[in-house]
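Visitor: Below is one structure. I have some questions about it.
We did not get these values from a lab; they are worked out from the coordinates using the rules stated. Remember, predicted model here, so these are calculated numbers, not experimental data. With ideal geometry, Cβ positions are generated from the backbone for all residues, glycine too; neighbour counts draw on all protein chains shown.
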């Protein structure tokens, strides 16, 4: 769980962000509490820290971004988390969404393909006092089979189709939320596994960095 660091003076900014998300239609109280209790300023570079609590995406290096809070809140709300889940996150990035998930589920495994980002995310999570999370380096499109199955999977990058290894790693009744990129147009989908059946539901438009990997895009073509 994310703990407020000593000397934190950003509480008012977080409260304002939570109110903004509420006005934008976020109704899940657990998600709103997670945003209110997670120090986003610890997960962004110092040069853009003054913008940490604006509802915008910010660069975090290596060509990656931290998504805008409203997008992450909608993703997490769509998963309908109860607090008992084991969750898999694809694309650790800065670690901020990992921290949010840690307040909403029992355990988080997060996969990041860029080693420097993974290392920075681990440090930020430790600084923020976040526990019950593991950040591993690997091809996110393959998921992370050692800790499968997962009750919830959230993918923070857009691939050309739903990666079959991620579907295979979903528990029965598990939910996955992910963006898909079809000819440059991105959409968010929720996938639910019910026995041998996979139910897909379109959730809206999206704008994410590409998912690079065996079941994503070839890095040479992006």
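Visitor: For the pair residue 161/residue 183, report the inter-label distance in nm, with labels modelled 7 Å from Cα in the Cβ direction.
Guide: Rounded to a tenth, the inter-label distance reads 1.7 nm.
Visitor: At 0.36 nm per residue, minus the direct Cα-Cα distance, what do residue 218 and residue 145 gain on full extension? Give it in nm, one decimal, please.
Guide: This chain segment gains 24.1 nm when fully extended.
Visitor: How do 10, 53, 96 line up, fewest other C-beta atoms within 10 Å first?
Guide: 10, 53, 96
Visitor: What order, most packed first, do the peptides 165-175, 70-80 have when packing is the mean number of other Cβ atoms within 10 Å of each residue?
Guide: Descending mean neighbour count gives 70-80, 165-175.
Visitor: To continue, here is another question. Give me the extension gain from residue 23 to residue 48: residue separation times 0.36 nm, minus the current Cα-Cα distance, reported in nm with one decimal.
Guide: In short, 6.5 nm is gained.
Visitor: As a test of the formula, what do you get for the chain when each DSSP H run with n ≥ 4 contributes -39,500 (n - 2.57) and the sum is divided by the residue count, at 222 nm and rounded to the nearest 500 deg cm²/dmol?
Guide: Mean residue ellipticity at 222 nm (helix-derived): -7500 deg cm²/dmol.
Visitor: Only residues of region 146-166 count here: report those whose backbone N is under 15 Å from the spot 7 Å along Cα→Cβ of residue 172, or say none.
Guide: 149-151
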